[in-house]
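The values are calculated or read from the model by the stated rules, or taken from the named source; none is laboratory data. The structure displayed is predicted, hence computed values, not measured ones. No Cβ is skipped: glycine too gets one built from the backbone with ideal geometry, and neighbour counts run over all protein chains shown. Remember, those area values only see protein heavy atoms, side chains included, never the ligands or the DNA or RNA. Shrake-Rupley method; radii C 1.70, N 1.55, O 1.52, S 1.80 Å.
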Amino acid sequence: MPKNMSLTIKPGVTIALINNANIYIYGRVNALGNSSNPIKFIGYENSNSSIYINSLTESQFKFCKFTGLSALNNNLKFPLFKDIWKTSSSITLYESSNVSFSNCLFANNRNGDDMINVVRCDTITFSHCRFDNILSDALDSDFSNIIIQSCRFILVGNDAIDGSNSNIKIDGS
C-alpha cells in the first residue's frame with residue numbers, strides 16, 4: 001500500500017495470505033473489526049507470509065487476528081535480491097509512528113525469531129492484546145517507544161517482551 005493512500009478494512013473481512021504473499025504498508029490502515037466480527041490476517045499452510053509496516057501516518061488495528069504468519073523472506077520469490085526483503089519477524093514495524101493494536105490476537109507464527117519486531121518507531125501501542133503459541137519472542141522492541149496495556153502472553157517460546165534501547169511502558173499485563 002503506497003505512502004499517500006488510506007485503506008479501511010471492515011469487520012468480518014479475512015485476508016488470506018497464500019503462495020508466500022506479503023503485505024507492505026506505507027500509508028494509513030484502519031482495520032476496524034469488532035468482537036463478533038474480527039478481521040483475520042491468515043498465513044495459510046505451506047506459505048511464508050508476513051506483514052511489513054513503514055508508515056508515519058496514524059494506523060489502527062482493532063479486533064484483528066494475526067495467525068500462521070512467518071518471518072519475511074522475499075528471497076523465496078526473488079533470489080537475485082538476497083537479503084533486501086528479509087526480516088526476523090512475522091510482523092515488522094519499521095520507522096513508523098502512531099500505530100495502535102487493540103483487542104488483537106497474535107498466534108501460531110510459523111517461523112522467525114519474533115512474532116512482532118518494532119524497530120526505530122515512536123508511539124506504538126498494544127492494548128488488550130493476546131499473544132498465544134509464539135515460537136520465540138512475542139514482542140521485540142529495538143530503539144522504539146511502545147506502550148503495552150492489559151496484554152496477555154501465553155505459551156511463548158522465549159521472551160514475552162524483549163527490549164533493546166527502547167522506552168517500554170507496561171501496565172496490567
Please work out which residue is nearest to Leu139 (Cα to Cα), limiting yourself to region 97-108 and to residues that are at pLDDT 95 or above and under 13 Å from the mean Cα position of the chain (by Cα).
-> Phe106
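Conditions (1) in contact (Cβ under 8 Å) with a residue 60 or more places away in the chain; (2) under 13 Å from the mean Cα position of the chain (by Cα); (3) open to solvent by 10 Å² or more (accessible area, probe 1.4 Å), marked per residue:
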{"position": "Arg110", "(1), (2), (3)": "yes, no, yes"}
{"position": "Val118", "(1), (2), (3)": "no, yes, no"}
{"position": "Ser127", "(1), (2), (3)": "no, no, yes"}
{"position": "Leu135", "(1), (2), (3)": "no, no, yes"}
{"position": "Asp142", "(1), (2), (3)": "no, no, yes"}
Tell me, yes or no, whether region 153-173 has at least one residue that is part of a loop (DSSP other than H, G, I, E, B), open to solvent by less than 30 Å² (accessible area, probe 1.4 Å) and closer than 18 Å to Cys104 by Cα.
-> no
